[in-house]
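In what follows, a single structure is set out as structure tokens and then discussed.
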Amino acid sequence: MNLRGHAGRIAALTVIGTAIVLPLVIFVLGPNMPPGKRTNAGSSQVHDNTVLLVVMTPFTVFIIVYILYAVFTFRARSGEELRDGPAIHGHLPSQIAWLATTTIAILFLAIFGSAELLASNGSGGGSGPSPLTKPGGSVLPVQVIAQQWEFTYRYPTYGGVETAQLVLPVGRQIAFHVTSLDAIHSFWAYELGVKADANPGVDNVAFVKPKKTGTFQVRCAELCGLWHGYMFDTGRVVGGAQFATWIAQQRQAFTPVQKYLPKYAPSYSPDPEARAG
């Protein structure tokens, strides 16, 4: 069979394979991609991951088909003398087709990814102290303070109360202001679809809107010292009334120690001894 015949077979198998795999990607694998759909940021990431899978599926199927076709079609037969195949110096139509399709795919993903990041206000990632886009409407700021080896949380609209628990009201747009008191940390709330670096002296902003009540895990995702693995806790998303009751209780408990803590600020500058751990 000549080169054109082999190319035709590979193309046909690629089309058939893509037609079989693509519906599974769109309707089975895609909707179950991490981090889930408990927040607007999580839903955005699931959608983006699904689009990435859809774009890469034909290329992946083609590569697998090409390898398997070559293995089974051009393998040495029993008793056949082993020798090198004829040298191929290039096939211009194939090269042009591959370059054109991959270029279109890359440009599409670049434009799509940029548009999605802008539309979803960073999709749960830290956007620095001055995000390019911000969600409209009322936003509840919550400061995440990382230090060796725990997270604490301040609520500036509630008197700057600081707690060891992260509790969020459902259906409310949240602006996380992530910072650090010592080493470089990373605030990772997996189920919320939020991950933002915590750097000393930096206010790193990430937006998210919880859509369901329940618990979520918070971990440090940046190696920050001896007890890095211990730096985790469990947060909660609760109803609006339950959140109001909880924050009132925290403010009452916080009153005796409030005078010993610095006032709320976007970032803090600890003493050199404290910074050194």
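The values are calculated or read from the model by the stated rules, or taken from the named source; none is laboratory data. For clarity, every value in this text was computed on a predicted model and none was experimentally measured. As a convention, Cβ positions derive from the backbone with ideal geometry for all residues, glycine included, and neighbour counts pool all protein chains shown.
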Residue check for residue 259: over 29 Å from residue 33 (Cα atoms) and of a type in the set (Lys, Arg): yes
Unique residue being within 30 Å of residue 178 (Cβ to Cβ) and free of Cβ contacts under 8 Å to residues at least 12 places away in the same chain when the list is 138, 114: 114
Among (1) assigned to a helix (DSSP H, G or I); (2) without any contact (Cβ under 8 Å) to a residue 60 or more places away in the chain - the single one residue 45 does not satisfy: (2)
Subset of the range 217-230 that is of a type in the set (A, V, I, L, M) and within 20 Å of the chain's Cα centre (by Cα) - its residue that is nearest to residue 186 (Cα to Cα): 221
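From the set of residues in the range 237-253 that are of a type outside the set (Phe, Trp, Tyr) and crowded, with 17+ Cβ neighbours inside 10 Å, which is farthest from residue 191 (Cα to Cα)? Can you show your working first?
Going residue by residue through the range 237-253, those that are of a type outside the set (Phe, Trp, Tyr) are 237-242, 244-245, 247-253.
Filter once more, keeping what is crowded, with 17+ Cβ neighbours inside 10 Å: 237-238, 247, 250.
Details: 237: 11, 238: 14, 247: 22, 250: 24 Å.
Filtering first and then ranking leaves 250.
Give the range 1-31 a look and list any residue that's under 21 Å from residue 61 (Cα atoms) and among the polar types (S, T, N, Q), or say none. Step through it out loud before you land on a result.
We begin by selecting, within the range 1-31, every residue under 21 Å from residue 61 (Cα atoms); these are 3-31.
Once the filter is applied, which keeps residues that are under 21 Å from residue 61 (Cα atoms) and among the polar types (S, T, N, Q), the range 1-31 yields 14, 18.
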The listed residue being aliphatic (A, V, I, L, M), at pLDDT 85 or above and more than 25 Å from residue 49 (Cβ to Cβ), out of 96, 106: 96
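Here's the yes/no breakdown for (1) over 20 Å from residue 218 (Cα atoms); (2) assigned by TED's automatic domain parsing to the domain that holds residue 239; (3) not hydrophobic (A, V, I, L, M, F, W, C):
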| residue | (1), (2), (3) |
| --- | --- |
| 143 | no, yes, yes |
| 147 | no, yes, yes |
| 158 | yes, yes, yes |
| 162 | no, yes, yes |
| 165 | no, yes, yes |
| 168 | no, yes, no |
Cβ-Cβ under 8 Å pairs, at least 6 apart or on other chains, the range 201-227 side of a type in the set (Asp, Glu), far side crowded, with 20+ Cβ neighbours inside 10 Å: 203/177; 203/178; 203/179; 222/185; 222/186; 222/197; 222/198
Every residue from the range 225-257 that is touching a Lys or Arg at 6+ places or on another chain (Cβ under 8 Å) and over 19 Å from residue 138 (Cβ atoms): 231, 232
Contacts under 7 angstrom Cβ, first residue in the range 147-169 being within 13 Å of residue 261 (Cα to Cα), partner of a type in the set (Gly, Ala, Ser), 6 or more apart: 152/164; 154/160
